[in-house]
Amino acid sequence: MYSLSKKALLVLEDGTLLEGESFGYCGTVFGEVVFNTGMTGYQEVLTDPSYYGQFVAFTYPEIGNTGINSDDNEAKCPSVKGVIVRQTSKEPSNWRSEEPLESWLLKHKVVGISGIDTRALVRHLRNFGSMNGAITNKENISPLDLLKELRRFPHMEGLNLAKQVSTDKKYFWHSLSRVDFDRRTKSQHVSGLPYKVVAIDFGIKKSILERLTAYGCEVSVLPCDSNFSSVMSLSPEGVFLSNGPGDPAAVTSGISLVKELINKTDIPLFGICLGHQILGLALGGKTFKLPYGHRGLNHPCGTTGRLEITSQNHGFALDSESLPKGKVVVTHFNLNDKTVAGIQVSERPIFGVQYHPEASPGPHDADHHFARFISLMAQRRSIVV
């Protein structure tokens, strides 16, 4: 059912009530309310599986001005539960646009609310932390009844959401892009035999798979609950641990798999975002929930004298004090709050980064981590051969 200038409500679990206008699908939804500070890439954000179970509040004041196209999706459909914006553009203006944002949200049954003072909302979340919320555009639901139901809704801690977004069967990645606007792709092909990579899908983005293939990898994608034997049956030269939603500590099958890969093989491992956290947990570390997470395109990460501006989307982080001293080295910190942003295992071809080196959307500073992964596989190949 299509909504036209219909009243909508956003209720937070602490009792905060915000009124706005409905756009997209008509309904009532519950999820964790987070904010993204990026000034571009709303389509990539909305289709990023790492946002599964969440409402995204965009700090950029107008969303929808470039419409929706079929090339920029990171997954087949939107992953968010709800969209919160200051203003929507009803008439997109871009030569790549195929349909307006609102009709796309309607088609995929995503509920949105506009006319919200997103600056005030973000300040609230920064002061009190990300929290569950509810959006409704139904007139027969009172805010009090909505709040009561909302307070029974589960929190993100302890939720294994990777299984909700992961593939349910193995597949070989074939590029889906009809048009390539990324100049990196044309200059990064690796000569010689392609590297056989197994990617564990905790909620993998299309652009990550595109970057791996651009660097000369043949990528087989496996479900998040795959076991050691199913991975090794593909004779991988490298294993990639993908991004994904939810609490990393709850993804017990993934942690067990990575432990076996570390203890039983010398195969290079590369994890990003949730995959980076799962790697840290498999190495004996612990994770914790950040107050309001890191979601945006301009997060500075690095160590003394070296800096990368990075794209990020995560609500949990590794506890630096929990990582085994002498075995795990912290290679990057988030320079905004000094949380762990990169690790590597001493004298082993194993590393992870908390941010998104594929940078979709975002800057290309961190793309070299794919080359680093390739280099580790090349070194191992030369020894094995």
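General observations
- Take the conditions (1) of a type outside the set (A, V, I, L, M, F, W, C); (2) outside any strand (DSSP E or B); (3) on the phi > 0 side of the Ramachandran plot; residue 24 misses just one of them, which is (2).
- Whichever residue in segment 321-341 is closer than 14 Å to residue 282 by Cα and not aliphatic (A, V, I, L, M) and, among such residues, is surrounded by the most Cβ atoms within 10 Å (Cβ to Cβ): 322
- Tally, over segment 211-225, of residues that are surrounded by fewer than 21 Cβ atoms within 10 Å (Cβ to Cβ) and at pLDDT 95 or above: 4
- Taking the listed residues 289, 259, 325, the one that is in a strand (DSSP E or B), outside the structural domain of residue 130 (by TED's automatic domain parsing) and basic (Lys, Arg) is 289, with no other qualifying.
- Boolean, residue 361 is part of a loop (DSSP other than H, G, I, E, B) and under 17 Å from residue 207 (Cα atoms): yes
- Qualifying residues in segment 17-61 (those that are among the charged types (D, E, K, R) and more than 22 Å from the chain's Cα centre (by Cα)) - the one surrounded by the fewest Cβ atoms within 10 Å (Cβ to Cβ): 19
- Condition broken by residue 288, with the remaining ones in (1) closer than 28 Å to residue 127 by Cβ; (2) surrounded by 24 or more Cβ atoms within 10 Å (Cβ to Cβ); (3) among the aromatic types (Phe, Trp, Tyr) satisfied: (2)
Conditions tested, residue by residue: (1) among the aromatic types (Phe, Trp, Tyr); (2) over 19 Å from residue 15 (Cα atoms).
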| residue | (1), (2) |
| --- | --- |
| 83 | no, yes |
| 87 | no, yes |
| 95 | yes, yes |
| 103 | no, yes |
| 130 | no, no |
| 150 | no, no |
| 167 | no, yes |
| 173 | yes, yes |
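The values are calculated or read from the model by the stated rules, or taken from the named source; none is laboratory data. None of these values were measured; they are calculated from a predicted model. Here Cβ is always computed from backbone atoms with ideal geometry, including for glycine, and neighbour counts include all displayed protein chains.
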